[in-house]
Amino acid sequence: MAAMAAAVAAATSAFTSLHLTRATSYTRRHIRTFITSSLSSSSTKFNITFAPPKPKPKTKPEPAIPIINPNSDSDSNSDSVPNLDAEVGDQLYIPWIVRDEKGNLTLQSTPPARLLHEMANASTGKKKKKGKEVASKAATVVPTPEPKHSKAARRFYNENFRDPPQRLSKVLAAAGVASRRSSEELIFQGRVTVNGSVCKTPQTKVDPARDVIYVNGNRLPKKLPTKVYLALNKPKGYICSSGEKETKSVMSLFDDFIKSWDKRHPGQPKPRLFTVGRLDVATTGLIIVTNDGEFTHQISHPSSNLSKEYIATIDGEVHKRHLIAISEGTIIDGVHCTPDNVELLPGQPDLSRPRLRIVVHEGRNHEVRELVKIAGLQLRALKRIRIGGFRLPADLALGKHVELNQANLKALGWKS
């Protein structure tokens, strides 16, 4: 230990005794000379080795500061100063004092291999750790698509435009499964499931867009068909019911309309059409066809007080007493029914039979026919030409229909 301490002290004094005078580059020969002369007074000797010189760089570095021993005399200093022109390109080595495997101190120009190895491992470990963190973040973070609309916009739509939940029987009827009464029978029979459970209550509130509804094993579409409002000029011989098979139904007049539905409304289920009210099989004229149950209920309900105008063609002559008898009304189903207006229309050259204009607002079954019958007249033909404020178009042929616009619906008294 004493020898090692003496060696360290000698080396320290040797390096601290060096002074800088002028810019000069020293080689291995000069450094060896300086170190040997400085350590000659010490009894401890070092085994000093140097690494082979590195290749000279292409660009000449700035001249290094020379190291001069102040203890040496002037002659030795003058002899030890190298030629700047010859030595300016030599490389300056930084000595490292390290302990070898045998425990001896050595002086070398490169850092210890152990230090270099530890530095390399430390830098590599940091990079790997950083790479693992980035990889873990990339694995955990899953990009989510931005919503098409904000929460406030969706809430506003749901509160103002989204259809509220409706009764199950009403939803089935609107989807075209069957009429409302037949839909209730399907529900009572347990042939309808809602979200995987059998539902036997027609009043159950459902939302087709959210609830999964099956009828006889078939999935009910999420989107209900678009509301349809049609005005038909009903011909004679057709009934206003889709349940009768032995007689022609007015629904058969809309076969072309249903077939072309997919072209006009792609992706939407076909509507189940039904009539608003009824006309006798022998009565012609205006009848409304739709798939909107609420509209049907409002228009056909007696509280709507919608007037209906008919043209009755009579066999034989019509006198004043006949008009008075019709205006006095008659009893139908235990209720006394009186017309709003009875008028004999003026004769026309192309029409030989007299015609009566009769306006009623209750619209009970066979009401106009009973009024004409109670007056003692023979009814030849009966045609309805107006409901509320909507009148049958004069150019609409028998068996043809026309779609109603908002103005027509408003004339019918529809308050959407």
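The values are calculated or read from the model by the stated rules, or taken from the named source; none is laboratory data. If you're wondering where the values come from, they're calculated on a predicted model, not measured in any experiment. Methodologically, a virtual Cβ is constructed for each residue, glycine included, from the backbone with ideal geometry; neighbour enumeration extends over all protein chains shown. These area figures cover heavy atoms from the full protein model, side chains too; ligands, DNA and RNA do not enter into them. Shrake-Rupley method; radii C 1.70, N 1.55, O 1.52, S 1.80 Å.
A compact table of results
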item: Potential lengthening between ILE324 and GLN268 on full extension [0.36 nm per residue; Cα-Cα distance subtracted]; result: 14.8 nm
item: Area accessible to solvent at ARG357, 1.4 Å probe radius, in Å²; result: 50
item: Area accessible to solvent at TYR157, 1.4 Å probe radius, in Å²; result: 110
item: Apportionment of accessible area to carbon and sulfur, region 287-354, percent (1.4 Å); result: 50
item: Over 24 Å (Cα to Cα) - which of LYS223/LYS259; LYS148/LYS259; LYS227/LYS263; LYS248/LYS400 fall in this group; result: LYS148/LYS259
item: Separation of alpha-carbon centers, region 346-362 and region 234-300, rounded to whole Å; result: 28
item: Formal net charge of residues neighbouring SER169 (Cβ-Cβ distance under 9 Å; K, R +1; D, E -1); result: +3
item: Charge sum, other residues only, whose C-beta stays under 12 Å from LEU379's C-beta, Lys/Arg counted +1 and Asp/Glu -1; result: +3
item: Taking the C-alpha atoms of region 238-314, convex hull volume expressed per residue in Å³; result: 127
item: Volume per residue of the C-alpha convex hull in region 311-360, rounded to whole Å³; result: 82
item: PHE257, PHE156, ranked by accessible area, largest first (probe 1.4 Å); result: PHE156, PHE257
item: Alpha-carbon Debye profile of region 282-416, log10 I(q)/I(0) at 0.10, 0.18, 0.19, 0.22 Å⁻¹; result: -0.36, -1.07, -1.15, -1.38
item: Sequence of TRP96, TRP414, TRP261 from largest to smallest accessible area, 1.4 Å probe; result: TRP96, TRP414, TRP261
